[in-house]
1. Select, from 228, 192, 205, the only residue that is away from ligand 1 (no atom under 11 Å from the Cβ), farther than 18 Å from residue 285 by Cβ and acidic (Asp, Glu).
2. If residue 370 meets every condition in (1) in a helix (DSSP H, G or I); (2) farther than 20 Å from residue 431 by Cβ; (3) in contact with a Pro (Cβ under 8 Å, 6 or more places away or on another chain) apart from one, which number is that one?
3. Would a scan of the stretch 300-312 turn up a residue that is aliphatic (A, V, I, L, M), within 16 Å of ligand 2 (Cβ to nearest atom) and in contact with a strand residue (DSSP E or B) (Cβ under 6 Å, 6 or more places away or on another chain)?
4. Between a first residue in the stretch 238-265 that is among the polar types (S, T, N, Q) and a second residue that is assigned to a strand (DSSP E or B), which pairs have beta carbons less than 7 Å apart while being 6 or more apart in sequence or on different chains?
5. Which number in (1) crowded, with 20+ Cβ neighbours inside 10 Å; (2) more than 16 Å from ligand 2 (Cβ to nearest atom) marks the one condition that residue 290 misses?
6. Do we find that residue 307 is more than 21 Å from residue 223 (Cα to Cα), without any contact (Cβ under 8 Å) to a residue 24 or more places away in the chain and under 40 Å from the mean Cα position of the chain (by Cα) in this structure?
7. What are the residue pairs meeting all of these: first residue in the stretch 401-416, first residue within 13 Å of ligand 2 (Cβ to nearest atom), second residue aliphatic (A, V, I, L, M), Cβ atoms under 6 Å, and 6 or more apart or on different chains?
8. Only residues that are of a type outside the set (S, T, N, Q) and either closer than 18 Å to residue 175 by Cβ or touching a Lys or Arg at 6+ places or on another chain (Cβ under 7 Å) (or both): list them for the stretch 9-32, please.
Amino acid sequence: MPNRDQVIDPEQIHALLDIVQAINSIPQIQSLLDKVMDIALTTIKAERGFLVLKEEDGNLNVAVARNMSAGLAEQMAKPSASIVNRVLNEVTPLLSHDAVTDPRFLGSESVIIQKITSVACVPLTLKGNPIGVIYLDSTLDRQLFNESTLTFLQLFVNQAALSIENARLIEKLQLENRLLQTELQKTYGFPEIIGVSPRMQSVFEIMRKILSSDISLLLQGESGTGKELVARAIHYNGQRRDKPFVAQFCGNLSENLLESELFGHKKGSFTGAIVDKRGLFEIADGGTFFLDEIADISPAIQAKLLRVLQEGSFRRVGDTEDRKVDVRIISATNKDLKAEVKRGAFREDLFYRLNVITITMPPLRERRSDIRLLVQHFLNKVATRSGQKPKRISTDVMKAFERYHWPGNVRELENTIERSVVLSSQDVITIDDLLIPDAEEREIEPRSLKDQEKEIVLRTLEECEGNKTRSSEVLGVSLRWLHYKLNEWNIGKPRRDSNH
Ligand SMILES: Nc1ncnc2c1ncn2[C@@H]1O[C@H](COP(=O)(O)OP(=O)(O)O)[C@@H](O)[C@H]1O
Ligand SMILES: [Mg+2]
């Protein structure tokens, strides 16, 4: 223990304060160890030094060496009779002003060969257990190190040991966190679709159930929520994966063009049809057809589609020949298709054929617990594309992301990240690099009680990790009420239409 009467140099007290500040703000273990060594070296004006840490298996590992090679440091530290080992075993600091005549170093090769005069060697301890040693020496000055040196060093290494332990814990936690997130992703997900929220887990659950069937699937959800991504994942993870995946956007295309795209045409069937043309359904044969924005298709095309679904056959435009085709149909819409049926814009029979199973993709604001992972995913994606190290984002930015309304959902998040990576000149993206359009306005956008009710209920469910009993307790409502609401919003179990 440092002697209470011992006077510490004011310079050393300042150094001590600086050290505490500096080392506590370095979360990375290696930079921290470098810093600790440098401070020790310069403050007591030693010539050389090294820092060894005791590994879990008891081995000594030279973590930093200054003005000497790591190899030499190792040679000096490893022998069981070395100064380092003595300090470590006895958990007592050692100071010598005159190593050559000091009986404790009698016969010590390093002292003789290297003409070491002053030596200071202090154990790094944590709760009384030695975790390493700082060794410092000098060959120049006799009487370089004195008792105040030792007092200072002891105060210093106590701080350093704590910081090292903290940094180690942080690194361990970060590693564990990464492993856990990858595990989660593996267990619940399709690797290309990011999502650990309960809402996404129920999406994955339905996806897994229908992978090996040919059941028609309707994907509902706002734009940018990942409908096409899900359609692709189902195709490429299912039994049709070796056959084509064909996607056609059906919104606001002219009827003739869309019809000819989907089903092909016979030469001369309309102006401009100068050759026979195969339609996309023929190209998709054996595979999966993804019909995007299905709500907008015309009655004539609806009728043809129904035939494909019912009989597996169709005719090219202007042709009389029936052609057979085997495709799995996945359709998508951001409209309420049932409402389109009600108002007579969409055939009811086709609706039931397309909609054997529905997956409703949750908007991003209803699964905020996925934002963190998505951000990391897109940062990595941009980095891979540009061949650079992934940038990081500041805590402020992450908070802003987690608050924002995301009307454009995951697509908007992806675009925002791509843009901010380009705009930021630093490794860390800050709030100034962001261009979220009218982020604040959206936050205070007036919303109906019904919408807010839904958001609050879903957020609570997320926070309770999908546990409905706990959520109902937190919300102060009955479990029955909660089930009733989830049913009303179509959330929970995969819905199978029994009408068909
Ligand atoms: N869960 C997700 N994980 C990773 N990327 C996603 C996710 N959801 C959407 N994306 C990405 O966001 C963009 C928009 O998704 P998309 O499937 O085209 O949405 P939609 O068809 O619903 O408009 C795409 O680049 C897609 O890869
Ligand atoms: Mg889309």
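Any read-out appearing in this document is the output of simple, stated calculations on the displayed coordinates, not a laboratory observation. None of these values were measured; they are calculated from a predicted model. Don't worry about glycine lacking a Cβ; one is built from the backbone with ideal geometry, like all the others, and counts go over all protein chains shown.
1. Details: 228 fails: away from ligand 1 (no atom under 11 Å from the Cβ); 192 fails: away from ligand 1 (no atom under 11 Å from the Cβ).
On inspection, the qualifying residue turns out to be 205.
2. (3)
3. Pass one, the stretch 300-312, residues aliphatic (A, V, I, L, M): 300-301, 303, 305-306, 308-309.
With within 16 Å of ligand 2 (Cβ to nearest atom) added as a condition, the list becomes none.
Scanning the stretch 300-312 turns up no residue that is aliphatic (A, V, I, L, M), within 16 Å of ligand 2 (Cβ to nearest atom) and in contact with a strand residue (DSSP E or B) (Cβ under 6 Å, 6 or more places away or on another chain).
4. Going by the 7 Å Cβ cut-off, the qualifying pairs are 248/291; 248/292; 260/277; 260/317.
5. Looking at each condition in turn, residue 290 falls short on (2).
6. Here the answer is no, as residue 307 does not meet what is asked.
7. 409/364; 410/364
8. Matches in the stretch 9-32: 22, 23, 26, 27, 29, 32.
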